[in-house]
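The values are calculated or read from the model by the stated rules, or taken from the named source; none is laboratory data. The shown structure was predicted, so the numbers you read here are calculated from the model rather than taken from an experiment. Cβ: placed from backbone, ideal geometry, glycine included. Neighbour counts: every protein chain shown.
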Amino acid sequence: MSSHCPFRLSTLLTVFAAGLALLMPASVAPLHAQTASPQAGQQAALSDGAKAENNPEKKPSAEGAPPQAAPAATGNPAAQKGVTGKAIDKVKEVAKSAGDIFSRVPCLPPKGASKSMGSLPRVANKLVAGQPVVIVAFGSSSTQGYGSSSPEFTYPNRLAAQLRRKYPTADISVVNAGKGGEDAPEMMKRLQASVIDLRPDLVIWQVGTNAVLRNLDPGETVKLIDEGIARIQAAGSDVVLIDPQYSPRVNEHAESAGKMMKLLNKTAELRKVGVFPRFAVMKDWHERQAIPIENFVIADGLHMSDWGYACFAQLLGDDIIKSVGQIKLGVAVPSDVRAYRPM
């Protein structure tokens, strides 16, 4: 009797794998592969993420190839029906995940008045003229999306989706030019090829976190950033800076982080470019909105979770929409730009 048990178990496992592979659309399969074992994926992320932020030579490991479909199997019709039902349920769960990420914890802006990002004349003029708009998200691992469960949840992709909803007839592209482990010295080396050569209308530059973690001189870092802004502006692009994130590992270097943000704001003011205060926004989530840090930062204490990236992108998008609306002729901007968000 016992000699038949392994055969039945292996048969059922084969049927289950085949059912999943056959029923799942190609667009969903990679996401399933990434989310099927979150604990294993997160553990792998911790060591790689820490190394990437602290060593420019170490980058987050590339995504693995999706598993190949198992060969078709025959088996008990009742068992096959159960496998089919589970596969359909999984597909529905994956499809729903993008829409309900704010269902339990809403994404709210910081309480009180927020400072205006400033105008984005090139983006606004392109939208008024009905011309294509190219946005480059330039930065390190939090731009690349390290810590997200799939490319869908990186901030550039979430931002692109929001802007396309707001401007449905516009041709809007958001290019993800994030590269894990970098800061201003490394980014300046690829500024021409990764940013300027793309002729962007807007450059969103996330910078400064790795410099803080490496105890680099904030003054020297900001000098490079200032040079980069000048080159981007000379090419005719609007610029928005993103400062470091509020997270346990950054908070261990509070003095350096404070200097970095102060200098970034001063440079932005002199260059007349926008700043999205990511640190202040994330701090508000935790200290004033009472959201646990683990809700928006993954276990490595540095990178954002899906919710963190999604809310960051949403608030950034709100600011871009408001800034564009302020200078578009004949367009009234509502006082609460959250009205643009999907429910």
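Check off (1) in a loop (DSSP other than H, G, I, E, B); (2) surrounded by fewer than 17 Cβ atoms within 10 Å (Cβ to Cβ); (3) under 17 Å from the mean Cα position of the chain (by Cα); (4) of a type outside the set (Gly, Ala, Ser) for PRO168 and give me the number that stays unchecked.
Going through the list (1) in a loop (DSSP other than H, G, I, E, B); (2) surrounded by fewer than 17 Cβ atoms within 10 Å (Cβ to Cβ); (3) under 17 Å from the mean Cα position of the chain (by Cα); (4) of a type outside the set (Gly, Ala, Ser), PRO168 breaks only (3).
What is the number of the single condition among (1) of a type outside the set (Ser, Thr, Tyr); (2) touching a strand residue (DSSP E or B) at 6+ places or on another chain (Cβ under 6 Å); (3) surrounded by fewer than 16 Cβ atoms within 10 Å (Cβ to Cβ) that ASN215 does not meet?
(2)
Criterion first (assigned to a helix (DSSP H, G or I) and out of contact with any strand residue (DSSP E or B) (no Cβ under 8 Å at 6 or more places or on another chain)) does PRO156 satisfy it?
In short, no.
Taking the stated definitions as given, is TYR155 surrounded by 20 or more Cβ atoms within 10 Å (Cβ to Cβ), in the same structural domain as ALA299 (by TED's automatic domain parsing) and not hydrophobic (A, V, I, L, M, F, W, C)?
The answer is yes for TYR155.
Criterion first (more than 23 Å from the chain's Cα centre (by Cα) and of a type in the set (S, T, N, Q)) does SER256 satisfy it?
Considered against the rule, which asks whether it is more than 23 Å from the chain's Cα centre (by Cα) and of a type in the set (S, T, N, Q), SER256 comes out as yes.
Evaluate region 265-275: report whether one residue or more is crowded, with 21+ Cβ neighbours inside 10 Å, assigned by TED's automatic domain parsing to the domain that holds ASN125 and under 22 Å from TYR146 (Cβ atoms).
no
Can we say PRO185 is in contact with a Lys or Arg (Cβ under 8 Å, 6 or more places away or on another chain), touching a residue at least 12 places away in the same chain (Cβ under 8 Å), over 28 Å from GLN162 (Cα atoms) and not hydrophobic (A, V, I, L, M, F, W, C)?
No, not satisfied.
Which one of the conditions (1) modelled with pLDDT under 95; (2) in a loop (DSSP other than H, G, I, E, B) does TYR146 fail to meet, given that it meets all the rest?
Going through (1) modelled with pLDDT under 95; (2) in a loop (DSSP other than H, G, I, E, B) one by one, TYR146 breaks only (1).
When you go through SER150, SER194, SER141 one by one, which is the residue that is of a type in the set (Ser, Thr, Tyr) and touching a Gly at 6+ places or on another chain (Cβ under 8 Å)?
SER141
Are any of the residues in region 284-296 closer than 16 Å to ARG158 by Cβ, in contact (Cβ under 8 Å) with a residue 12 or more places away in the chain, assigned to a helix (DSSP H, G or I) and touching a helix residue (DSSP H, G or I) at 6+ places or on another chain (Cβ under 7 Å)?
Looking for residues that are closer than 16 Å to ARG158 by Cβ, in contact (Cβ under 8 Å) with a residue 12 or more places away in the chain, assigned to a helix (DSSP H, G or I) and touching a helix residue (DSSP H, G or I) at 6+ places or on another chain (Cβ under 7 Å), one finds none in region 284-296, hence no.
Check whether at least one residue in region 220-242 is in a strand (DSSP E or B), over 17 Å from the mean Cα position of the chain (by Cα) and under 20 Å from PRO277 (Cα atoms), and report yes or no. Let's see the steps before the verdict.
The initial filter retains those residues of region 220-242 that are in a strand (DSSP E or B), namely 238-242.
Now narrow it down to the ones that are over 17 Å from the mean Cα position of the chain (by Cα): 238-239.
Checking the rest, the ones that are also under 20 Å from PRO277 (Cα atoms) come to 238-239.
Yes: region 220-242 contains one or more residues that are in a strand (DSSP E or B), over 17 Å from the mean Cα position of the chain (by Cα) and under 20 Å from PRO277 (Cα atoms).
Do you know which residues across region 77-135 are part of a helix (DSSP H, G or I) and either polar (S, T, N, Q) or modelled with pLDDT of 75 or more (or both)?
Hits for region 77-135 are GLN80, THR84, SER97, PRO121, ARG122, VAL123, ALA124, ASN125, LYS126, LEU127, VAL128, ALA129.
I need the full set of residues from region 229-274 which are free of Cβ contacts under 8 Å to residues at least 40 places away in the same chain and in contact with a Phe, Trp or Tyr (Cβ under 6 Å, 6 or more places away or on another chain), in order please.
Passing the criteria: LEU241, ASP243, PRO244.
Could you list all residues from region 184-207 that are touching a Leu at 6+ places or on another chain (Cβ under 7 Å) and over 20 Å from GLY118 (Cα atoms)?
ALA184, PRO185, MET188
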